[in-house]
């Protein structure tokens, strides 16, 4: 029995907060529905019970994924997600049921800090992603777009690349180059010109 009632009150508060208040935590994707932008996630870290035992984290369903977007959805950046991808799961202070349907009114459900009212942000964790000190880099598997500090741009994959240097010069490295316009289509390396003639005359369009 505790001799100081204040200590008892402190322990009760700590226990209540620990059991009922969720804030943010690392989590992982279990599955993702891109058409609905909803995921099943699972927090990575179990909760310690008063007994010292670990309580395994539950799966949480219908969690929206927060992608960078603006201009009413006209501008956005998304990427594929697969099982095991790391997330930062942010638990909201209020029920999100109405808000997810477009409402900005007082929630009907009074619950607070419930893990079901979460928004997940892709990233975090130890997935092997590395940062870049000076360049802006967009990467997917073997494809990349690099915006360099000096104003140059590099776009490519493991087979070809387009380099635009800071002076506006372009270098294309590729196995072949095909040009397709509304009126014509030809391959740069193997195309021919009809009406070839000596002197200062011009040829017809490529074929």
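The values are calculated or read from the model by the stated rules, or taken from the named source; none is laboratory data. In this text, all values refer to a predicted model and were calculated from it rather than measured experimentally. Ideal geometry is used to build each Cβ from the backbone, glycine not excepted, and the neighbour counts take in all protein chains shown.
The figures follow:
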read-out: Cross-chain or 6+ apart pairs with Cβ under 8 Å, region 54-72 first and touching a residue at least 40 places away in the same chain (Cβ under 8 Å), then part of a helix (DSSP H, G or I); value: 64/100
read-out: Filtered residues of region 152-174 (kept if within 16 Å of residue 136 (Cβ to Cβ) and exposed (fewer than 14 other Cβ atoms within 10 Å of the Cβ)); value: 166
read-out: Residue 102 farther than 23 Å from residue 124 by Cα and either in contact with a strand residue (DSSP E or B) (Cβ under 6 Å, 6 or more places away or on another chain) or assigned to a loop (DSSP other than H, G, I, E, B) (or both); value: yes
read-out: Single residue of 61, 88 found to be surrounded by 11 or more Cβ atoms within 10 Å (Cβ to Cβ) and either over 14 Å from the mean Cα position of the chain (by Cα) or outside any strand (DSSP E or B) (or both); value: 61
read-out: Residue in region 134-152 that is at positive phi and free of Cβ contacts under 8 Å to residues at least 60 places away in the same chain present; value: yes
read-out: Candidates 108, 180, filtered to the one that is at pLDDT below 95, more than 27 Å from the chain's Cα centre (by Cα) and closer than 30 Å to residue 57 by Cβ; value: 108
read-out: Region 1-45, residues that are more than 22 Å from residue 95 (Cα to Cα), in a loop (DSSP other than H, G, I, E, B) and modelled with pLDDT of 85 or more; value: 34, 35, 44, 45
read-out: Which numbered condition residue 107 fails, given (1) within 30 Å of residue 84 (Cα to Cα); (2) in contact with a helix residue (DSSP H, G or I) (Cβ under 7 Å, 6 or more places away or on another chain); value: (1)
read-out: Candidate set from region 115-142 (those that are touching a strand residue (DSSP E or B) at 6+ places or on another chain (Cβ under 7 Å) and in a loop (DSSP other than H, G, I, E, B)); member that is modelled with the lowest pLDDT; value: 127
